[in-house]
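A.B. asks: Could you have a look at this structure, given as structure tokens, before my questions?
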Amino acid sequence: MKHRFLVLLIMTLVIAQSSLAQSVLKGKVVDENDGSPLIGATIVVQGTSQGTATNLDGTFTLQAPTGDVTIKVSYVGYIAKTFDYSLSEGQEKDMGSVALKSSSIGLDEVKVVANFARDRETPVAVSKVQPIQIEEKLGTQELPELMKSTPSVYATKQGGGFGDSRINIRGFSQQNVAVLINGVPVNDMEGGEVYWSNWANLADVTKTIQVQRGLGASKLAISSVGGTMNIITQSTDAEKGGTVYQSIGNDAFSKTSFSLSTGLMDNGWAVTLQGSKSSGNGFVKATNFESWSYFFNISKRINESHRISLTGFGAPQWHNQRSSPHLINRYRDHEDGIRYNSDYGYLNGEIYASGYAYNEYHKPQFYLNHYWKINNNTSLHTSTYASFGRGGGRRVEGDNDKWLEFQYPSGEPYQSTKLTPQGLLDYDAVIDANASSNTGSSAVMAMARNEHDWYGILSTFNTKYANIDITAGFDGRYYKGYHYRQVTDLLGGDYYLDDANINRDPTEPLMEGAKIGYYNLGEVLREGIFLQGEYVTSDYSAFLSGTVSNKSYRRVDYFQYEPGNQKSKWENFLVYSIKGGFNYNINDQHNVFVNGGYFTRAPFFGTIFKNYTNEINQEAKLQKILSSEAGYGYRSTRLKVDLTGFRTVWMDKTLTRTIGQEFANITGLDAVHMGVELEATYKPTKKLSLNGMFSVGDYKWDKNVIADIFNEDQEYVGTVSVFAKDVRRGNTALTTGYLGASYRVLPDLKIGADMYHAADIFAEFDIESRTTPDSEGVDSWKMPNYTLVNANVRYDFDLGGFEATIYGNVDNLLDTEYISDAKDGRNHTAMNAAVWYGWGRTWNMGLKFRF
């Protein structure tokens, strides 16, 4: 027994001594291109469990064993480096500045074109979503929902269908948020919308995202009233290799993806390919979907001065939707609860979604880029691009279209809505009624086609002289949208009659494939120039930029006008912007900045032309936006803080609404949005990282206006007052908060959790309904506040010589029941509001191999 105790004591002393036989490595990990610190880069001793991560300034300290060791420094999106050292006991080794190179060729050039903001230099309010956050946090969320960790952002899934999410920034809808992919605007040129289902699986090829709130750093004339989402995709990988990924999740979710890259070959060529397929049943009942995606980049380095690249990506998809919100009691009384969806039935034993509840689309986007390094101080980057959108959404057409529709926005059935005993849409009853008709089908299914051809060129010239950086360029875009409805299913009838086309006999029997309802084109042409001067030193930076552009609209209508009279004249709007900012770095820790700007914006296409005709709305005015910000930043090894205050005034907004058979022209609306934003990151230990934000805003309509009313013959019939003053904007959170934690249990094992809080959310409402004096200052229904908790885990390991990673996510961990979107009711109460509930608890897990 004594011998055993002696052996145990000796072993303990040996282990203790060996644990003391350590050395120390320290250094700083930075981006090779701009020297910025890489926060959270990992430094590990290969073959051991010893490792650490960089602090907020990129520095690190690592305890390492004595003897011969190999140190690996890595960061997602960068090429890893290894270092071999022979360390002695107690030695302190300074590795100096470890510069990692981006794993994508030409990424830095894309960032220049995309106007990426630089920390402590560009005087704008900005938040950044890193590639590692996308990998670890996305889970069952869609790309806009990742932005909820940034201040003044409200993002939801709306009805809950695949790709149906939306995002608001500083109280402005995504129509008024500029979305750029590789510096190229993707907001719809007619109405400003962004349809995220068109960009399904965009996260797979996203390298980084910047959310620039307010005016932002973009030099283009874009719709950045609320802010700019600057998405940079993968370009060509610098190294040869690839990945294979498989994930599964709740409600039969499955995703398979791959990527392959040749790396930069000796002949200067490089090719990267990526593809994926996703499918599932959806959390909400009858929202099944299928999506494919593809991405390619072909790059050629001609010489040291010239490089060209061709990039293409797209995501053909179809998905069923929940388009009808419902009264709260409807969800509570139904067996499906918050998953309830009324917008479907069964046809031939398969789920068949009704009007506004099915979408299919494919919007491939192609870029041809030329990068010309004229000399060390001067460059010219030119991007030509094209996009061809094809697809649309399902609609019910006919005299008895309400057989298959629900009231909007209440979601309640019409008296004539045909339902089965289970409360589903009764397609068999509709088919029987159509089959027995002597005048063809009185309710048919059609696709509302909203297709387009879009071409553009963006050329940016940049030159530097001393501390002055001058950028000038040209932005040209042409867009043609094709809008029509097309019969896809006669639902049991022999034919369909439609009198919408004055150039067609209304008694002509129409079959599947025929165009009905309307057929028109929308053309948008934009030509603009921009100029910016930027002065940068280590202590000061300032910029002043301006844009001038002409935006032209033309409408072509093939149904309401005879040949020779089907085209409207071009309607032109000359718009401009000017903005500037100043940043002062007080010392290495503190900085302050201010910025401000004023710009005009053309009304949207639908506002220009009255009531879906070629008649010009002469009352449509240029919208005017005045915005200002002031901010403070603090940086240290373990703490990073940003504080911003903002005020945006939106003047002369024009709305047009069809009310019954009459057309309302609401002009001169003003809104004031202001608030305070706080964002912070804290790294108390080398293993634990905390980040959070808090924002509070006040977003209100600012004055009452008078609306002109026209009848169906476009004749003026009178006016009505709209009492909007001091009414808060709807469907956005005035108060948001976020707290995230990430803990590295082992060098290869990391766990994380996030908590998001949204408060002071008012239901969406139609401003034109506020027509009585007692409406002034009366807010819509205030929705309940809610808090969501998500959790994630990541484990890296080697398997058969391949690097592998397991990901796991649980979103809405506590299964919180919450209302994410609402339409206001008659009395501004919960009883009359039509709502969409957010998703309950969901999960997914995935395995990725790298080779």
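A.B. asks: Which of the following residues is closer than 26 Å to residue 835 by Cα, open to solvent by less than 60 Å² (accessible area, probe 1.4 Å) and basic (Lys, Arg): 449, 395? I'd like the intermediate steps shown before the answer.
C.D. replies: Details: 449 fails: closer than 26 Å to residue 835 by Cα.
Only one candidate passes the filter, namely 395.
A.B. asks: Out of 790, 785, 832, which single residue is at pLDDT below 95 and polar (S, T, N, Q)?
C.D. replies: Values: 790 fails: at pLDDT below 95; 785 fails: at pLDDT below 95.
Being at pLDDT below 95 and polar (S, T, N, Q) holds for just one of 790, 785, 832, which is 832.
A.B. asks: Then there is this: The conditions are (1) closer than 23 Å to residue 702 by Cβ; (2) part of a loop (DSSP other than H, G, I, E, B); (3) modelled with pLDDT of 90 or more, and residue 771 fails exactly one of them. Which is it?
C.D. replies: If we test residue 771 against (1) closer than 23 Å to residue 702 by Cβ; (2) part of a loop (DSSP other than H, G, I, E, B); (3) modelled with pLDDT of 90 or more, just (3) comes out false.
A.B. asks: Counting residues that are polar (S, T, N, Q) and on the phi < 0 side of the Ramachandran plot, which strands (runs of 3 or more DSSP E) fully inside segment 800-847 reach at least 2? Break it down stepwise before answering.
C.D. replies: Details: elements: 802-811, 819-823, 834-837.
Here the list reads 802-811.
A.B. asks: Name the single residue, out of those in segment 751-784 being open to solvent by 40 Å² or more (accessible area, probe 1.4 Å), in contact (Cβ under 8 Å) with a residue 40 or more places away in the chain and of a type in the set (Ser, Thr, Tyr), that is farthest from residue 720 (Cα to Cα).
C.D. replies: The extreme case among them is 772.
A.B. asks: Regarding residue 189, is this residue in contact with a His (Cβ under 9 Å, 6 or more places away or on another chain) and either touching a residue at least 24 places away in the same chain (Cβ under 8 Å) or buried (at least 21 other Cβ atoms within 10 Å of the Cβ) (or both)?
C.D. replies: On the way: in contact with a His (Cβ under 9 Å, 6 or more places away or on another chain): yes; either touching a residue at least 24 places away in the same chain (Cβ under 8 Å) or buried (at least 21 other Cβ atoms within 10 Å of the Cβ) (or both): yes.
Judged against the criteria, residue 189 is a match.
A.B. asks: For segment 528-541, indicate whether the set of residues that are free of Cβ contacts under 8 Å to residues at least 40 places away in the same chain and either open to solvent by 10 Å² or more (accessible area, probe 1.4 Å) or part of a strand (DSSP E or B) (or both) is non-empty. Don't jump to the end; show me each part of the working.
C.D. replies: Going residue by residue through segment 528-541, those that are free of Cβ contacts under 8 Å to residues at least 40 places away in the same chain are none.
Scanning segment 528-541, I find no residue that is free of Cβ contacts under 8 Å to residues at least 40 places away in the same chain and either open to solvent by 10 Å² or more (accessible area, probe 1.4 Å) or part of a strand (DSSP E or B) (or both), so the answer is no.
A.B. asks: Could you say whether any residue in segment 99-116 is under 30 Å from residue 591 (Cα atoms), in contact (Cβ under 8 Å) with a residue 24 or more places away in the chain, among the hydroxyl-bearing types (Ser, Thr, Tyr) and open to solvent by 20 Å² or more (accessible area, probe 1.4 Å)?
C.D. replies: No, that holds for no residue.
A.B. asks: If only one of 639, 626, 655, 690 is open to solvent by 30 Å² or more (accessible area, probe 1.4 Å) and under 19 Å from residue 702 (Cβ atoms), which one is it?
C.D. replies: Values: 639 fails: under 19 Å from residue 702 (Cβ atoms); 655 fails: open to solvent by 30 Å² or more (accessible area, probe 1.4 Å); 690 fails: under 19 Å from residue 702 (Cβ atoms).
None of the others qualify; the one that does is 626.
A.B. asks: Please work out which residue is surrounded by the most Cβ atoms within 10 Å (Cβ to Cβ), limiting yourself to segment 141-161 and to residues that are within 22 Å of residue 690 (Cα to Cα) and polar (S, T, N, Q).
C.D. replies: Selected residue: 152.
A.B. asks: For segment 705-727: of the residues being in contact (Cβ under 8 Å) with a residue 60 or more places away in the chain and surrounded by fewer than 18 Cβ atoms within 10 Å (Cβ to Cβ), which is nearest to residue 60 (Cα to Cα)? First the steps, then the outcome.
C.D. replies: Within segment 705-727, the subset in contact (Cβ under 8 Å) with a residue 60 or more places away in the chain is 707-708, 710, 712, 714.
Next, only the ones that are surrounded by fewer than 18 Cβ atoms within 10 Å (Cβ to Cβ) stay: 708, 712, 714.
Values: 708: 66, 712: 71, 714: 70 Å.
In this case the residue turns out to be 708.
A.B. asks: Give, as residue ranges, the strands (runs of 3 or more DSSP E) completely inside segment 687-764 that count at least 1 residues that are under 17 Å from residue 172 (Cα atoms) and touching a helix residue (DSSP H, G or I) at 6+ places or on another chain (Cβ under 8 Å).
C.D. replies: Details: elements: 688-701, 705-710, 716-722, 733-746, 749-762.
Hits in segment 687-764: 688-701, 733-746.
A.B. asks: Name the pairs: first residue in segment 481-492 and farther than 19 Å from residue 519 by Cα, second residue open to solvent by 40 Å² or more (accessible area, probe 1.4 Å), Cβ to Cβ under 6 Å, at least 6 apart or on different chains?
C.D. replies: Once the first residue is farther than 19 Å from residue 519 by Cα and sits in segment 481-492, its partners that are open to solvent by 40 Å² or more (accessible area, probe 1.4 Å) give 491/431; 492/431; 492/435.
A.B. asks: Continuing with this model, one more query. Which one of the conditions (1) under 30 Å from residue 581 (Cβ atoms); (2) assigned to a loop (DSSP other than H, G, I, E, B); (3) open to solvent by less than 10 Å² (accessible area, probe 1.4 Å) does residue 263 fail to meet, given that it meets all the rest?
C.D. replies: Every condition holds for residue 263 apart from (1).
Yes/no matrix, rows are residues, columns are (1) within 26 Å of residue 596 (Cα to Cα); (2) at pLDDT below 95:
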| residue | (1), (2) |
| --- | --- |
| 639 | no, no |
| 643 | yes, no |
| 648 | yes, no |
| 667 | yes, yes |
| 679 | yes, no |
| 682 | no, no |
| 691 | no, no |
| 702 | yes, yes |
| 706 | no, yes |
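The values are calculated or read from the model by the stated rules, or taken from the named source; none is laboratory data. A quick note: this is a predicted structure, and the numbers were derived from the prediction, not measured. Cβ atoms come from the backbone with ideal geometry, glycine included; neighbour counts cover every protein chain shown. The area values use the complete protein model at the heavy-atom level, side chains included, leaving out ligands, DNA and RNA. Shrake-Rupley method; radii C 1.70, N 1.55, O 1.52, S 1.80 Å.
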